[in-house]
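K.L.:
Take a look at this one; I'll ask things after.
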Amino acid sequence: MGAKQSSQDDAGRENLDALKEEIERLRKALSEEEEERKKTTREEDKKTSKTTSAPIQVDDRELEKRLLLQTQSDGEVDSASFASQHEVDPKRIVGIIKSLAASNVVVFSETDKNTLNLTEEAMSFIENGSPEARAFDFVKSKGKNGVSLPEFKKLEKTISEVGFKQAMQQKWLAMDKATNSVVAKVEEITDTCRTYLRMIKEGKKEEVPAKELDALIKKRKLAKVETWKEYAVKRGPEFALERKKLEHDLTKEMLANGAWKTATFKEYTLVPGAGNIPASGHVHPLLKVRRAFREIFLQLGFSEMPTNNFVESGFWNFDTLIQPQQHPARDAHDTFFMKTPAKANFAPEEYVEKVKKMHEVGGHGSVGHNYAWKREEADKNILRTHTTAVSARMLHKLAEDGFKPCKLFSIDRVFRNEAVDRTHLAEFHQVEGVVCDKGLTLGDLIGVIRQFFAQLGMTQVRFKPAFNPYTEPSMEIFAFHPMLGKWVEVGNSGMFRPEMLLPMGLPEDVSVIAWGLSLERPTMIMFGIDNIRDLFGSKMQLQSVKNNQLCPLGLEK
Ligand code: FB9
């Protein structure tokens, strides 16, 4: 074993001695301090002539020092014995241990403890016997005819009620109906309740039959289980006899005087999920997508149409769009008709005449639909089947107020009396864009639709000729969805027929292009919701509103 080794041992021994000296010095300093504190408080007490038997209250800092010292010297400290040793509430020690552990000065392991504490009442049973035993003894003492019930009831409640019930259950006592008296059914009894309670008191609860023990605790509430935790404390990686004062904030003073360079800062306890999520409101996925769509329209210079009327007249929902009154979409199979108010109470008469004429005989070069148009049909109130009804109102108003180019959009609920299935409910949110200006073409429509869907992250868009009663030409819109990796039908579009626009009084050279889609479909796709019932309506889980992801729209940019 080389010289180097022996010198190292000497060194080790030396600093161990040094450490011991240090401990000794600190312990002496502490007891002197303690002595000093006691002397001052005694003087104070003398002054306040209050003789205090209660132990001197040591503050946490003092307790912490003692705990660290003992940890240092004993290697491991048990929280419970430390608390009783220093006559302080164990909970205080737990607090100190946890905060020391938070800065790695100590480490600890916790063990769950529990004990069975007898209640006052139980103690009195041990003292005087259980109420059932006392009830029995009383009756027994009255001889074989027992005692009349009224007399028995004069006994203290615990005996005459709890005792009586228990003794009856144990078949020690019985009621003699004939004589209305309480009689003993057995010669003698063993007061098992008292016995078991005594066993518990002597800490031999294991010897009490589980069933009995359970009854004593749960049914008769004569004993209560108390649980607590005890901690075994050891030195931690940052152990020191005095906890370094951790700085909580980087203050301007520290920056100014450079103290930050040597200061030890308290770590942020960013425990993921720590703290309960504030019970704040949560935006429904549909409204997140609506918000995103609104953003897109507003950025494209569109202004929102007022859609705050779910109830619409047949006139604005269908007739102004020159949709003939016998069109299948207008019958109850597809449309919800209002019972009350069944009839609309207003329509711009002069304009109604023009619409009537266009339906019946046409005009402006159109042959119209050549049928007898009925006012009462137009006056029927319905739940609007599309927000295009609102577009019709806005275009008529535009003509009334004097035409000027405009871009309008609407996003709101529409109602269709359709069969409910995985992707369809009897209502959905329609998204509609309308552009009106002189000389607009189908190319402009294709262009604005491409621009719109590009904002949705769909840059590949295709058009398929389609038919709508109120637009000619019309096109279904398909887009390649990068996430789905396939082409999806994303909407419909067209140029409003002159038969619709001219009766409104819009100039001949004004054309109006429009397109529509739903809010539900994109929301289902973006939030990966397969069945529309999980998205909207009475069957959806409120929880999903709370933990749905951010709306991906506009994020990728
Ligand atoms: O929304 C639809 N599809 C869609 C839209 C966006 C989308 O985005 C991706 C994730 C990012 C994905 C899908 N559709 C329209 C297409 C189909 O779902 C269709 O089966 C169902 N349609 C509804 C009507 O059902 C009876 C969606 C709804 C729809 C259809 C047409 C219009 C509005 C809504 C219209 C119109 C129109 C036409 C001309 C002029 C003015 C308005």
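Read the figures in this text as sums done on the coordinates, not as results from a lab. Just so it is clear, the structure is predicted and the values come from calculations on it, not from any experiment. Cβ placement follows ideal geometry from the backbone for every residue including glycine, while neighbour counts extend to all protein chains displayed.
K.L.:
Relative contact order of the chain, please, whole-number percent, based on alpha carbon pairs below 8 angstrom and at least 6 residues apart. Mind showing how you got there, number by number?
P.N.:
Details: 771 pairs, mean separation 63.8, N = 557.
About 11 percent, as a whole number.
K.L.:
Another one. How many nm is it between the label spots at residue 353 and residue 327, if each spot is 7 Å from the Cα in line with the beta carbon?
P.N.:
About 2.5 nm separates the two model spin labels.
K.L.:
Now for a separate question. Going highest first, how would you order 505-517, 119-131 by mean Cβ packing within 10 Å? Walk me through the numbers before you get to the answer.
P.N.:
Working: 505-517: 19.7, 119-131: 17.6.
So the order, starting with the most tightly packed, is 505-517, 119-131.
K.L.:
Suppose every Lys and Arg Cβ carries +1 and every Asp and Glu Cβ carries -1, with no other charges. What dipole size does the chain come out with about its Cα centre, to the nearest 20 debye? Mind showing how you got there, number by number?
P.N.:
Values: 83 positive and 83 negative charges, 261 e Å.
So the dipole magnitude of the chain works out to roughly 1260 debye.
K.L.:
For residue 262 and residue 112, what is the calculated FRET efficiency with R₀ set at 41 Å and r taken between the beta-carbons, to the nearest 0.05? Don't skip to the end; give the middle numbers.
P.N.:
Details: r = 42 Å, r/R0 = 1.02.
In this case the efficiency is close to 0.50.
K.L.:
What length, rounded to one decimal in nm, is gained on full extension from residue 204 through to residue 421, with 0.36 nm per residue of separation minus their alpha-carbon distance? Don't skip to the end; give the middle numbers.
P.N.:
Working: separation 217, 0.36 × 217 = 78.12 nm, distance 6.67 nm.
Taking 0.36 nm per residue and subtracting the Cα distance, the gain is 71.4 nm.
K.L.:
I want to check the label-to-label distance for residue 168 and residue 217. Put each point 7 Å from Cα in the C-beta direction and report it in nm to one decimal.
P.N.:
A separation of 2.9 nm, rounded to one decimal place.
K.L.:
If you don't mind, there's one more thing I want to ask. So between residue 11 and residue 304, what do we pick up on full extension, going 0.36 nm a residue minus the alpha carbon distance? Can you show the working numbers first?
P.N.:
Working: separation 293, 0.36 × 293 = 105.48 nm, distance 8.41 nm.
Using 0.36 nm per residue and subtracting the Cα-Cα distance, I get 97.1 nm.
K.L.:
Still on this structure, I have one more. At a Förster radius of 30 Å, what calculated FRET efficiency corresponds to the Cβ-Cβ distance of residue 23 and residue 89, to the nearest 0.05? Could you put the intermediate results ahead of the total?
P.N.:
On the way: r = 27 Å, r/R0 = 0.90.
Plugging the Cβ-Cβ distance into 1/(1 + (r/R0)^6) gives 0.65.
K.L.:
With n ≥ 4 as the cut-off for DSSP H runs, can you work out [θ] at 222 nm for the chain, using -39500 (n - 2.57) per run divided by the number of residues, rounded to the nearest 500? If you can, show how the numbers build up before the last one.
P.N.:
Details: 20 runs with 211 residues, N = 557.
Per the formula, -11500 deg cm²/dmol.
K.L.:
Which of rounded, prolate, oblate describes the stretch 337-450, given a ≥ b ≥ c as roots of the alpha-carbon gyration tensor eigenvalues and a/c under 1.5 marking rounded, otherwise prolate only if a/b is larger than b/c? Numbers along the way, then the final one.
P.N.:
On the way: a/c = 1.69, a/b = 1.03, b/c = 1.65.
Taking the square roots of the gyration eigenvalues as a ≥ b ≥ c, the stretch 337-450 is oblate.
K.L.:
Between residue 541 and residue 224, take the C-beta separation as r, use R0 = 41 Å, and let me know the FRET efficiency to the nearest 0.05. Please list the in-between numbers first.
P.N.:
Values: r = 40 Å, r/R0 = 0.99.
Rounded to the nearest 0.05, the efficiency is 0.50.
K.L.:
For the chain, build the convex hull from the C-alpha positions and give me its volume per residue in Å³. Write out the running numbers ahead of the final one.
P.N.:
Values: hull volume 242.4 nm³, N = 557.
Normalising the Cα hull of the chain by residue number yields 435 Å³.
K.L.:
Let me ask something additional. What list do you get for 391, 81, 160 if you sort them by fewest beta carbons within 10 Å?
P.N.:
Numbers: 391 28, 81 12, 160 19.
The order, fewest Cβ neighbours first, is 81, 160, 391.
K.L.:
When each pair of different Cα atoms in the stretch 417-557 is counted once in the 1/r mean, what is the Kirkwood radius in angstroms, to one decimal?
P.N.:
16.8
K.L.:
So, in Å, what gap is there between the alpha-carbon centers of the stretch 300-360 and the stretch 413-476?
P.N.:
Between the Cα centre of the stretch 300-360 and that of the stretch 413-476, the gap is 20 Å.
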